[in-house]
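The values are calculated or read from the model by the stated rules, or taken from the named source; none is laboratory data. A quick note: this is a predicted structure, and the numbers were derived from the prediction, not measured. Here Cβ is always computed from backbone atoms with ideal geometry, including for glycine, and neighbour counts include all displayed protein chains.
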Amino acid sequence: MAKQVIIYSQETCSPCQAEKEWLKHNGIAFEDRDIRSDSQYMNEVMALGASATPVTVIQEGDEQEVVMGFDKERLSVLLGV
């Protein structure tokens, strides 16, 4: 089963932009959820316990990993990059 990658971000967040570029560079498809454009996304990211962006959710089947901040090393391991 393929991994689903969701990144909660903000337009003015430079680490968010850097992570999205990194994901694109590594050929990883992702869904971008701008927390400023949709209050539901803001609620979702707050429910994850986050107080800053980016927050990346990686789902595979019933398993879910949450990465707070642009943690390139952890993302590389979780995504097999």
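Things to note:
- Scanning segment 11-36 for residues that are of a type in the set (S, T, N, Q), over 14 Å from Lys72 (Cα atoms) and modelled with pLDDT of 95 or more yields one hit, Ser14.
- Residue within segment 8-30 that is touching a Cys at 6+ places or on another chain (Cβ under 8 Å) and in contact (Cβ under 8 Å) with a residue 24 or more places away in the chain present: yes
- Screening the candidates Val57, Val77 for the property of being surrounded by 15 or more Cβ atoms within 10 Å (Cβ to Cβ) and among the hydrophobic types (A, V, I, L, M, F, W, C) yields one hit, Val57.
- Test: residue in segment 3-12 that is outside any helix (DSSP H, G or I) and on the phi > 0 side of the Ramachandran plot: no
- The set of residues in segment 30-54 being exposed (fewer than 12 other Cβ atoms within 10 Å of the Cβ) and within 11 Å of the chain's Cα centre (by Cα) consists of Glu31 alone.
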